[in-house]
Amino acid sequence: MNREMYRDLTPIVSHKLEGKFRESIESGVVCKLDLSSVAFGASLMVNSTKVEERRLRDMDGFFHDQEAYNGADKQELVYRTYYFNFDGMSCAITEMFPGSIGNEFYLTKGHFHEPPEMSEIYIFLRGHGVSVMQNRSKKKPVLIAPLMQGTVVFSPPFYGHRTVNIGRDVLSWISIFNTKARLNYEPIVKEGFRALIVEKDGRATFTMNTSHI
């Protein structure tokens with residue numbers, strides 16, 4: 001049953017990464033919905049309260065291979081987010097484009113929440129990717145969740161999280177969070193994530209970040 005939750009990803013990921021998928025599913029942070037018959041209209045984007053774009057020029061220090069980053073076109077669009085605010089809750093729709101810097105796939109900056117006990121829910125609409133989640137305590141394992149249409153990911157309290165597009169198409173998702181939650185990028189800028197999602201032998205896999213403090 002667990003393998004059904006990431007079956008569409010098996011042709012493009014390593015067995016090593018599949019092992020991390022199973023770990024995240026067993027931890028209870030991932031489930032699956034059937035969204036095959038659900039249509040999302042583009043008019044949603046028009047009614048957003050804020051639109052935020054991240055181009056490569058905004059991502060300095062977030063990719064592991066600084067030399068490859070320095071040589072990339074800084075105008076390249078990595079992802080775009082549409083925000084919607086309600087009474088006490090907010091949601092956002094994000095579109096992330098395919099690409100890589102060196103052998104590392106395009107990614108979101110990633111963040112922790114302030115206050116740290118704030119959590120977040122993601123519902124994935126299309127594409128193929130992974131979610132990397134890590135606790136500030138190095139004693140807790142890094143969770144890597146499989147992402148495809150219908151995947152629901154719960155990012156627990158006290159966990160930082162990042163989304164990575166490992167496919168050839170746009171990866172898009174809805175995120176739902178408390179309006180009072182503030183995004184804390186400082187630990188990511190200072191330390192990075194403990195796991196990097198990279199391409200090796202034509203498949204997505206992960207490697208531990210040797211420069212993580």
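Just so you know, all these numbers are worked out from the coordinates, no wet-lab data involved. Quick caveat: nothing in here was measured; it's all calculated off a predicted structure. Reconstructed Cβ throughout: ideal geometry from the backbone, glycine too, with neighbour counts over all protein chains shown.
Overview of values
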read-out: Sites Glu199 and Glu117, calculated FRET efficiency, Cβ-Cβ separation with R0 41 Å, nearest 0.05; value: 0.70
read-out: Neighbour-count order for Val153, Val198, Val51, fewest beta carbons within 10 angstrom listed first; value: Val51, Val198, Val153
read-out: Relative contact order of the range 2-208, pairs being alpha-carbon contacts under 8 Å that are 6 or more residues apart, as %; value: 26
read-out: Selection from Cys31, Gly127, Ile166 lying farthest towards where the dipole of the chain points positive, charges on Cβ; value: Cys31
read-out: Within the chain, longest stretch free of exposed GluC sites (Glu not before Pro) [DSSP loop, at most 16 other beta carbons within 10 Å]; value: 118-213
read-out: Fewest-first ranking of Met208, Met59, using other Cβ atoms within 10 Å as the exposure measure; value: Met208, Met59
read-out: Cleavage-rule hits (trypsin sites (Lys or Arg not before Pro)) in the range 55-89: DSSP loop, at most 13 neighbouring Cβ within 10 angstrom; value: Lys74
read-out: Dimensionless Rg over Rh [the range 2-208; C-alpha; Kirkwood]; value: 0.93
read-out: Shape call, the range 43-95: gyration tensor on alpha carbons, a/c limit 1.5; value: prolate
read-out: Two-site FRET efficiency, Asp169 against Lys140, from Cβ-Cβ distance with R₀ of 41 Å, rounded to 0.05; value: 0.80
read-out: Unit charges on C-beta of K, R, D, E only; dipole of the chain, Debye; value: 400
read-out: Additional length obtainable on full extension of the chain from Arg182 to Asp73, 0.36 nm per residue less Cα span; value: 36.2 nm
read-out: Tyr83-Arg3 pseudo-label distance in nm [points 7 Å out on the Cα-to-Cβ vector]; value: 4.3
read-out: Cβ charges +1 (Lys, Arg) and -1 (Asp, Glu), total dipole of the range 126-213, debye; value: 300
read-out: Centre separation in Å (Cα based) which lies between the range 3-22 and the range 149-213; value: 16
read-out: Sparse-neighbour loop sites [chymotrypsin sites (Phe, Trp or Tyr not before Pro); the range 60-141; at most 13 other C-beta within 10 Å; DSSP]; value: Phe86
read-out: Reach of Lys139 by Cα under 24 Å, taken over lysines that are not fewer than 8 positions away in the same chain; value: Lys16, Lys20, Lys109, Lys190
